[in-house]
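Have a look at the structure below, then the notes.
The values are calculated or read from the model by the stated rules, or taken from the named source; none is laboratory data. These numbers were taken from a predicted model, which means no experiment stands behind them. Cβ placement follows ideal geometry from the backbone for every residue including glycine, while neighbour counts extend to all protein chains displayed. Note: areas computed on protein heavy atoms with side chains; ligands, DNA, RNA excluded. Shrake-Rupley method; radii C 1.70, N 1.55, O 1.52, S 1.80 Å.
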Amino acid sequence: MIEFHLNGQPQTLESADPNLSILEWLRTKMRLTGTKEGCASGDCGACTVMLGTPSEQDGLSYQSVNSCIALIGSLHGKHLVTIDALQSEPAHPVQTAMVECHGSQCGFCTPGIIMSLVALHHEAAKQPACDRHRVLEALSGNLCRCTGYRPIMDAATRSIVNGVQEWDGGGLLKAAVPSVKDTPAASLRDAQGKRFDAPVTLEQLRDLLAGSPDARLVAGSTDLALEITQQLKTLPHLVSTEQVPELQRIDTTDEGLCIGAAVSYRRAGSVLNDRWPAFGPMLERLGSLQIRNRGTLGGNIGNASPIADMPPPLIALGAQIQLDSVEGTRWLALEDFFLDYRKTALRAGEFIRTVRVPEPRSDASTAVERLFIYKVSKRLDDDISAVLGAFWFQFDGEQIIDCRLAYGGMAATPKRARVAEAALRGASFDDVSISHAIAALASDFSPMSDVRASAAYRAQVAGNLLRRALLEYSAGADSDDKLMVTDYA
């Protein structure tokens, strides 16, 4: 049984197919058809809803999510708000502005656009001074098929940027959802025996995986759900990591910054960017805001995709991961976690618990650390990398004391360019050393050709990114906004 709220009303589901998406449940079971299906892969945003999650600081925290790739079990202990609930008077300021600015055309995408802006409106009411950049970020995951973005931006400017009007909605956003600590463990099953388990302690999670080592772990489901919606697979047993407090923690220790595996990209990004500013621009291009609200650091790593965005910069920083099971815990260098294409060092019954990232140096030495992250993709927003290069350097003046160069999209796993690293250590950071490192990349990688890029293109780009790092460093570029490159191949 799972318990949650839908548009302010308590709901209990004692039996349901755990493979059911929130979108399909809304439309086929609840007959709430305001939320639309456009792609069933989290790309277009027509299915956007708001999900309220209990927060220890300020009650319910609402964020936009793609309901087409969020599974029904993920609603446990939360408040789901759909476009169908926005029917009270007075209308929501976003709705009023969309009408006044003629922001709706055919109307198919409009419900998702409104829900993205309503979520931003809710955030802006707590954190004022919303600007155009935040609006563009909120809408980056919403495709307007009639290409009418100008009036939509006008509506967002009027209702959010120029001042956030208060909106109560009859208390809609104040549903009596239990606090984090009071949310009980849950289990959902259907008549065919498929099941979803949501443990709330590490012990419960360990025991579940020990008893069902073939169960699939699920957190944000931003990638896992595609096996259901796109590949039409049936996943018989899902175990959620979302409700386990230890997997949601972010701590600073003597060994470094420790981020729980179930922490979302958005939460992880804020603390990583504080320490290593190159993360900010990269994370703004990792999926859409809806994806970053749900996708998790541990999920991106455990998925073991060779083009995942987070592993290369974490490997470049020398990150480690903590693996946990009933047998105990162990630490492993992240670069050693990936064994082959989609194969990892996880043992049966084991799960990723923590990602530990070294802090930047804070001693009084003359050494300077820099992290460069470059994502190359065919479009700016919501696209998958063709190549991602992440380079950590330790400099003393122009001399390279140490370096780690990590790439995604160049091999079957995220991988370091160790031969190129050796060519750079101890050398001056100049055209000569970079040319030697670029030549050495041929010994590190034999990239493949696929729909995103040819092998020759990847090899060329991988070298060019090293040269760009040299140019950025030599020019003293502002790492907050100049360390990203997009290729429109």
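In table form, for the structure just shown:
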quantity: Qualifying residue in the range 40-54 (condition: over 22 Å from the mean Cα position of the chain (by Cα), surrounded by 18 or more Cβ atoms within 10 Å (Cβ to Cβ) and of a type outside the set (Ser, Thr, Tyr)); calculated: no
quantity: When residues of the range 196-217 are limited to those that are free of Cβ contacts under 8 Å to residues at least 60 places away in the same chain and of a type in the set (A, V, I, L, M), the one farthest from Ala186 (Cα to Cα); calculated: Ala215
quantity: Answer from Leu60, Leu23 - the residue that is at pLDDT 95 or above, outside any loop (DSSP other than H, G, I, E, B) and surrounded by 15 or more Cβ atoms within 10 Å (Cβ to Cβ); calculated: Leu23
quantity: All helices (runs of 4 or more DSSP H) inside the range 127-224 with 1 or more residues being closer than 28 Å to Asn7 by Cβ and open to solvent by less than 30 Å² (accessible area, probe 1.4 Å); calculated: 132-139, 149-156
quantity: Qualifying residue in the range 140-155 (condition: touching a residue at least 12 places away in the same chain (Cβ under 8 Å), of a type in the set (Val, Ile, Thr) and closer than 19 Å to Leu380 by Cα); calculated: no
quantity: Test: Ala70 is farther than 16 Å from Thr222 by Cβ, out of contact with any Cys (no Cβ under 7 Å at 6 or more places or on another chain) and of a type in the set (Gly, Ala, Ser); calculated: no
quantity: Residue within the range 396-406 that is surrounded by 19 or more Cβ atoms within 10 Å (Cβ to Cβ) and over 23 Å from Leu257 (Cβ atoms) present; calculated: yes
